[in-house]
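The values are calculated or read from the model by the stated rules, or taken from the named source; none is laboratory data. No experiment lies behind these values; they were computed from the predicted model shown. Virtual Cβ from ideal backbone geometry, glycine too; neighbours counted across all protein chains shown.
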Amino acid sequence: MSLSETTTTAIRDVLEGRRRGLRAVLPFAGPAVVASVAYVDPGNFATNIQAGARYGYSLLWVVLLANLVAMLFQSLSARLGIVTNRNLAELCRIHFPRPAVLAMWAVSEVAAMATDLAEFLGGAIGLSLLLHLPLLAGMVVTATITYAILLLDRRGFRPLELVIGGLVATICACYVMELAVAPPDWWKAGAGLVVPRLADRSAVLLSAGIVGATVMPHAIYLHSGLTQGRAPARSLPERRRLVRYSNREVVAALTVAGVVNVAMVMMAARAFHIGHRDVAEIGTAYHTLVPVFGAAAAGIFLLSLMASGISSSVVGTMAGQVIMQGFTTWRIPVWLRRAATMLPAFVVVGMGFDATRSLILSQVVLSLALPVPMVALLLLTRRRDVMGVMASGPVILSAAWLATLATLVLNGALLWGIVA
């Protein structure tokens with residue numbers, strides 16, 4: 001059997017009680033790990049570097065809060081796919097009015113392009129700095145590697161999950177080493193995690209970027225597609241068991257992603273806040289790290305950025321396919337989708353725009369688009385005609401609506417700050 005068939009068989013063994021212990025956990029690992037890439041993508045690098053450099057540890061609470069919101073919505077998205085065997089975009093097309101569906105699709109496609117701009121540029125920046133290549137050459141190499149990984153999908157879901165998991169592990173290992181090289185002020189970091197504070201209007205804009213970089217619209221759509229039909233339940237008890245295992249995986253995968261994000265901010269605060277607060281670009285961060293902590297620390301930083309860019313670019317293309325096929329039923333070749341989503345990045349670089357600034361602005365676009373999948377997910381998961389007896393309860397819905405309202409308020413403050 002193929003790896004994917006073996007995984008599906010192992011999941012069936014767990015559901016039917018023939019497999020227990022750690023061997024019962026591993027087959028379920030995959031969807032949340034793939035979705036977690038969205039939470040450690042180059043957009044996070046850009047916003048987290050600026051947050052740490054400008055404001056030290058004071059915006060860590062935004063990172064923590066955004067990660068908790070991400071856990072809630074990713075678990076709801078996975079639940080939707082498991083219970084209905086459909087993804088969020090498909091269910092929107094089926095259950096919402098056509099004008100609303102077309103508007104949602106347009107917003108989601110813009111968000112997908114903004115996502116891929118950040119991810120593709122980030123990988124290319126890391127590769128070009130690491131190998132001393134022109135940025136355009138780094139973009140071409142990144143595009144080639146990304147497409148090669150996407151071709152693994154022809155062998156089923158498991159090989160792609162394993163490759164993405166390996167890249168996520170690389171990012172995590174890099175930041176463990178970074179914290180060893182540049183240990184933070186743990187007391188100040190702890191205070192930053194629990195004491196909410198926004199120093200000025202720029203901090204509000206940056207917080208919106210952090211939310212947009214952490215709670216990602218395309219990840220909410222994608223997660224429901226990754227669990228959809230992966231190992232269909234044959235009864236209500238099996239469905240409940242699948243949801244339980246999925247929730248555990250979401251908590252584990254996004255806890256790791258959250259720790260990496262916190263580590264990014266702490267590293268930037270330790271390295272740049274005193275003496276280098278103007279560091280706002282990934283390239284500047286790399287060149288500043290060399291004299292401050294040595295070439296090894298800077299090289300580790302670039303390796304993590306490159307792994308982040310490549311893995312998240314793959315996941316972004318997968319999400320784009322789910323969004324388009326779900327909302328419109330159109331199916332296009334992967335290479336065409338990849339080319340379409342890469343085009344804005346080439347335009348940005350070709351016209352001479354600052355790459356890191358473009359990353360930051362793309363995260364703001366994502367923050368503005370985020371309420372669309374959030375609201376759609378909540379409307380669908382509360383409906384018994386969609387979810388049956390597994391519709392979301394009042395406690396979960398209240399917490400999710402509160403998080404959505406907070407996002408809307410933050411977006412309103414962001415727009416006011418831009419206009420005023």
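Filtering segment 374-406 to residues that are aliphatic (A, V, I, L, M), without any contact (Cβ under 8 Å) to a residue 24 or more places away in the chain and touching a Leu at 6+ places or on another chain (Cβ under 7 Å) leaves only Leu397. Has segment 193-210 got any residue that is more than 15 Å from the chain's Cα centre (by Cα), surrounded by fewer than 16 Cβ atoms within 10 Å (Cβ to Cβ), in a loop (DSSP other than H, G, I, E, B) and of a type in the set (Lys, Arg)? There is at least one residue in segment 193-210 that is more than 15 Å from the chain's Cα centre (by Cα), surrounded by fewer than 16 Cβ atoms within 10 Å (Cβ to Cβ), in a loop (DSSP other than H, G, I, E, B) and of a type in the set (Lys, Arg). Only one of these is modelled with pLDDT of 90 or more and either of a type in the set (Val, Ile, Thr) or under 19 Å from the mean Cα position of the chain (by Cα) (or both): Ala391, Ala400. Name it. So the residue among Ala391, Ala400 that is modelled with pLDDT of 90 or more and either of a type in the set (Val, Ile, Thr) or under 19 Å from the mean Cα position of the chain (by Cα) (or both) is Ala400. In segment 409-418, the qualifying residues are those that are of a type in the set (A, V, I, L, M, F, W, C) and more than 11 Å from Val211 (Cα to Cα), and the one that is modelled with the lowest pLDDT is Ile418.
Given the criteria under 15 Å from the mean Cα position of the chain (by Cα), in a helix (DSSP H, G or I) and modelled with pLDDT of 85 or more, does Val25 qualify? Judged against the criteria, Val25 is not a match.
Every listed requirement among (1) surrounded by 24 or more Cβ atoms within 10 Å (Cβ to Cβ); (2) closer than 20 Å to Val211 by Cβ; (3) modelled with pLDDT of 90 or more is met by Asp41 save one, (3).
On inspection, Leu160 qualifies as hydrophobic (A, V, I, L, M, F, W, C), surrounded by 13 or more Cβ atoms within 10 Å (Cβ to Cβ) and at pLDDT 85 or above.
The rows are residues; the columns are (1) within 28 Å of Ser367 (Cβ to Cβ); (2) over 18 Å from the mean Cα position of the chain (by Cα); (3) aromatic (Phe, Trp, Tyr).
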residue: Thr8; (1), (2), (3): no, yes, no
residue: Ala38; (1), (2), (3): yes, no, no
residue: Thr47; (1), (2), (3): yes, no, no
residue: Gly52; (1), (2), (3): yes, yes, no
residue: Met71; (1), (2), (3): yes, no, no
residue: Ser75; (1), (2), (3): yes, no, no
residue: Asn87; (1), (2), (3): yes, no, no
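Restricting attention to segment 106-146 and to residues that are within 14 Å of Ile323 (Cα to Cα) and hydroxyl-bearing (Ser, Thr, Tyr), the residue that is surrounded by the fewest Cβ atoms within 10 Å (Cβ to Cβ) turns out to be Ser108.
Please determine whether any residue of segment 194-204 is within 24 Å of Tyr39 (Cβ to Cβ) and touching a Gly at 6+ places or on another chain (Cβ under 8 Å). Looking for residues that are within 24 Å of Tyr39 (Cβ to Cβ) and touching a Gly at 6+ places or on another chain (Cβ under 8 Å), one finds at least one in segment 194-204, hence yes. When the residues of segment 216-248 are filtered to those that are outside any helix (DSSP H, G or I) and in contact with a helix residue (DSSP H, G or I) (Cβ under 7 Å, 6 or more places away or on another chain), the one that is surrounded by the fewest Cβ atoms within 10 Å (Cβ to Cβ) is Ala233.
Confirm whether Gly166 is of a type outside the set (D, E, K, R) and within 30 Å of Met351 (Cα to Cα).
no
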